[in-house]
1. Looking only at the range 218-254, how many residues end up being of a type in the set (A, V, I, L, M) and within 14 Å of the chain's Cα centre (by Cα)?
2. Given the criteria loosely packed, with under 13 Cβ neighbours inside 10 Å and modelled with pLDDT of 90 or more, does SER69 qualify?
3. Need the failing condition index for GLY210 against (1) at pLDDT below 95; (2) over 17 Å from the mean Cα position of the chain (by Cα); (3) assigned to a helix (DSSP H, G or I), just the number.
4. If you go through the range 121-133 one residue at a time, do you hit one that is of a type in the set (A, V, I, L, M), surrounded by fewer than 16 Cβ atoms within 10 Å (Cβ to Cβ) and in contact (Cβ under 8 Å) with a residue 40 or more places away in the chain?
5. Output the residues belonging to the range 260-308 that are in a helix (DSSP H, G or I), closer than 19 Å to ARG245 by Cα, of a type outside the set (A, V, I, L, M) and open to solvent by less than 60 Å² (accessible area, probe 1.4 Å).
6. Of the residues ALA167, ALA247, only one is loosely packed, with under 14 Cβ neighbours inside 10 Å, over 30 Å from ARG51 (Cβ atoms) and at pLDDT 95 or above; which?
7. Working only within the range 346-382, note down all residues that are in a helix (DSSP H, G or I), within 20 Å of GLY277 (Cα to Cα) and of a type in the set (A, V, I, L, M, F, W, C).
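The values are calculated or read from the model by the stated rules, or taken from the named source; none is laboratory data. What you are looking at is a predicted structure, and each value in this text was computed from that prediction instead of being measured. Cβ atoms come from the backbone with ideal geometry, glycine included; neighbour counts cover every protein chain shown. Side chains included, ligands, DNA and RNA excluded: accessible areas come from the protein's heavy atoms. Shrake-Rupley method; radii C 1.70, N 1.55, O 1.52, S 1.80 Å.
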Amino acid sequence: MTVPVMTRDQASAAATTAVAERDAIQANLLELDSSFGKQLLAGAELTGDTRRRWDAAAATLATLWQVFSAYSAVVDQAAEAAARHLGPRELAAISGLLTGRSVQLASGPAPLAGRDLADPGREDLTLATAVARMRGAFSSVTEVVSAAEHVWTEVAGRLDAVGAELARVSPLAATLGDEALTGNLTAAQGKLARLRDTLNSDPLALWHPGGTVDTSAAGRLAEEVTAAASRVDELVRLRDEAHQRVAEVAAAAAAARSAREDAVAAWQRATAKIAAGVLPPPPAGLADLSGRLDGLGAMLADGRWTRLASELDLLDRELATATAGFREAERAAVAAMAKRDELRGLLGAYKAKAARLGAAEDAILAERYDRARDLLWTAPCDLAAAEAAVAGYQQAVLGVPPR
């Protein structure tokens, strides 16, 4: 095929452009060749879909380099020729190199059954066709390499963090004597090993065609390990602070007993003075804690940290609830006594007011006063009736006209 012959300026400019394009292609190919993803794929024992896709990509990459080698040689020839004296013959040669089918590829003979009799076993391409072919090959290879690299980037860090946490807590768990917890950590180690094997041998199994990485398994494993590690840390803290926590629970038990004693005493004083109905029921009993407190010591001595933690938490809640109930019962009993005293003071104040109004000898007022006073000074006092009587006397006094 005859190609148009370039002028000297056209040939020089075209050669310069070809060299710049070749250098850019070479830089991108070298970056691909040394990329993290390509190095990992090339050095790993791959399986599954990743092996299938990488085998195809590796073959494509090898062919790409072959095309580049032949293409680059033609560009070099054109650049060297353009640097010399350019006569008509040289211009024709350069034009052929830059625009003709100058890139010769040894494609190998086609299968005999489909081979043409004149098939030379090679393929001749123009520089533009060679670049287009390399561009397509580069895109298909980088798609595989980038996908694998993206999976490693997304998943490897998560698995490393999980592995580091397991390495930290597994030795601690072994000292706690909790078989269930140790079993959970061992199971997590197995899941981690399987995920790492998938990541190393078949990373594209975690790649979604839409361009996302399936991190769900790694995420679930991280959650499991975080929960187990939290439990280990909790038990280690308990072990290290066990004597202090047992002492704190013993102190809480003593405080609960004391609160109950105060509540019972206040209730007994109130029942001697105040009639039933206003007062709360008597304070509930407090179960004997001696056996449970002794059990804490036994669990501590045996290193049963999980059981000890559970029992301490339960006792903490029960004692806090009981102590609050006893204190509320004491406050209610004291409040009933205070109410009686308040009514006594109010009755006396209104008696004095009646005297100032000149109604001290009023028979109706005197009768109301005596009724209220009898109720307030009778033990046990009917507080509700006394309060009503005092209110009645108060209203009667307020109804006395001034003199």
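1. Count: 7.
2. Considered against the rule, which asks whether it is loosely packed, with under 13 Cβ neighbours inside 10 Å and modelled with pLDDT of 90 or more, SER69 comes out as yes.
3. (3)
4. No, the range 121-133 contains no residue that is of a type in the set (A, V, I, L, M), surrounded by fewer than 16 Cβ atoms within 10 Å (Cβ to Cβ) and in contact (Cβ under 8 Å) with a residue 40 or more places away in the chain.
5. SER290, GLY291, GLY295, GLY297, TRP305, THR306
6. The conditions single out ALA167.
7. Those that are in a helix (DSSP H, G or I), within 20 Å of GLY277 (Cα to Cα) and of a type in the set (A, V, I, L, M, F, W, C): ALA372, LEU375, LEU376.
This table checks each residue for (1) open to solvent by 40 Å² or more (accessible area, probe 1.4 Å); (2) charged (D, E, K, R); (3) touching a strand residue (DSSP E or B) at 6+ places or on another chain (Cβ under 9 Å).
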site	(1), (2), (3)
GLU342	yes, yes, no
ARG371	yes, yes, no
LEU376	no, no, no
ALA379	yes, no, yes
VAL397	no, no, no
